[in-house]
Amino acid sequence: MEQDFGKVAVLMGGASGEREVSLISGNGVLAALKSQGVDAHAFDPASEPLDALRAFQRVFIALHGGYGENGAIQGALEIMGIPYTGPGVMASGIGMDKFRTKLLWQAVGLPVPEYAMLDDDSKFDAVEERLGLPLFVKPSREGSSIGVFMVTERGKLKSAYESARQHGDLIMAEKGVMGGEYTVAILGDEALPIVKIEPATAFYDYEAKYLRDDTRYICPADLPPEKAAAIQAGAKKAFDAVGATGWGRVDFLMDEAGRHYFLEINTSPGMTSHSLVPMSARQTGLSFEALCMKILAGARCG
């Protein structure tokens, strides 16, 4: 495998709010690639100059959030001509922006939860009235549920907005869709089996994603086959709509009537022990090591 891929950098860490999770993902990927004979090395762009990547023939991006997932690092690799894993510059930039992702998905006819963009002059009571409770307030350009607040009482939207505002300048209020949380992994041209997420917390927050051991996962999700197939097709359409390639994950919600709504796309999904893409891949017979190798084999530039 060393001959196939040459010297491989596994990008991990970085300077975003998801640094610690990225280090866990990256070290997991690094160990998997090494176990398969790949000449893989850890590379933290927070402490090493990007120009040092010119010594590598391929890059596996295990960065989450910030510059690792918004197209910036992808653009740098494009300029250096180094093949990298995951979606390119445009898809990464769009995918990191929940607001613009929703605009694209709405344009191609995909269902999304009702939402409103907030600023200091918003009529917060009117937004609460229109969206109903519960609702969620979130920064448009963060991941891993960082800065997400659930509003369950009238008159609390403004304070939730002010808290979320500490994590970014583009803030969204989103109608609570409370019939279930799910995700669909995309690998190449294939939508993998759907995962249903049952957090013990009020919603699938940072703690439930990475720290708790009582979050329950059901894969494949307990959905009728025809419903699952329709959602998988919709997830692939959502993936394609932002121009994504390689691999990623599309999250969706279900309401109490069984209607689904696409929530967001993750263009550099987690690869930790709690992560959803490896869980889904196992259902198709792909081990964690085989998944990492397949993702690396799909690395491209341009």
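Structural descriptor for the range 32-139: relative contact order 16 percent, calculated from alpha carbon pairs under 8 angstrom and at least 6 residues apart.
What FRET efficiency comes out for L50 versus E20 if R0 is 35 angstrom and r is the Cβ-Cβ distance? Round to the nearest 0.05. It comes to 0.95. Taken along the Cα-to-beta-carbon direction at a fixed 7 Å, the label points for T152 and H41 span 5.1 nm. Accessible surface area normalised per residue over the chain is 42 Å², counting heavy atoms of protein chains with a 1.4 Å rolling probe. Which whole-number percentage describes the relative contact order of the chain, with Cα contacts under 8 Å and a sequence gap of 6 or more? Relative contact order of the chain: 21 percent. Shown is the FRET efficiency for E256 and A290, computed with R0 = 45 Å from the Cβ-Cβ distance and rounded to the nearest 0.05: 0.75.
Expressed to the nearest 5 percent, the antiparallel share of DSSP beta bridges inside the chain is 75 percent. Report the calculated FRET efficiency for K227 and R100 (r = Cβ-Cβ distance, R0 = 25 Å), to the nearest 0.05. Once the sixth-power term is evaluated, E becomes 0.35.
Applied to the range 225-241, the Karplus parametrisation 6.51 cos²θ - 1.76 cosθ + 1.60 on θ = phi - 60° returns per-residue 3J(HN,Hα) values of x, 5, 5, 4, 5, 5, 5, 4, 5, x, 5, 5, 5, 5, 4, 5, 5 Hz, with x for Gly and Pro. Across the range 147-302, the mean sequence separation of Cα contacts (distance under 8 Å, 6 or more residues apart), normalised by length, yields a relative contact order of 23 percent.
Highest mean first, the peptides 294-300, 77-83 sorted by other C-beta atoms within 10 Å per residue fall in the order 294-300, 77-83. Is the chain rounded, prolate or oblate when judged by the Cα gyration tensor, a ≥ b ≥ c being the square roots of its eigenvalues, rounded requiring a/c under 1.5 and prolate requiring a/b larger than b/c? The shape class here is prolate.
Going highest first, how would you order 87-96, 160-169 by mean Cβ packing within 10 Å?
Values: 87-96: 22.9, 160-169: 16.1.
The packing order, highest mean first, is 87-96, 160-169.
Once you've got the Cα coordinates, tell me which of K102/K294; K123/K237; K196/K236; K138/K294 are over 27 Å apart.
Pairs exceeding 27 Å: K102/K294; K123/K237; K138/K294.
With a ≥ b ≥ c taken as the square roots of the eigenvalues of the C-alpha gyration tensor of the range 166-302, please select rounded if a/c is under 1.5 and otherwise prolate if a/b is larger than b/c or oblate if it is not?
Rounded, because the longest to shortest axis ratio a/c is under 1.5.
Dividing the helix sum by the residues of the chain, where each DSSP H run of 4 or more adds -39500 (n - 2.57), gives a mean residue ellipticity at 222 nm of -10000 deg cm²/dmol.
The values are calculated or read from the model by the stated rules, or taken from the named source; none is laboratory data. A quick note: this is a predicted structure, and the numbers were derived from the prediction, not measured. For neighbour counting, all protein chains shown are included, and Cβ atoms are generated from backbone atoms with ideal geometry for every residue, glycine included. We work out accessible area using only protein heavy atoms, side chains counted, and drop any ligands, DNA or RNA first. Shrake-Rupley method; radii C 1.70, N 1.55, O 1.52, S 1.80 Å.
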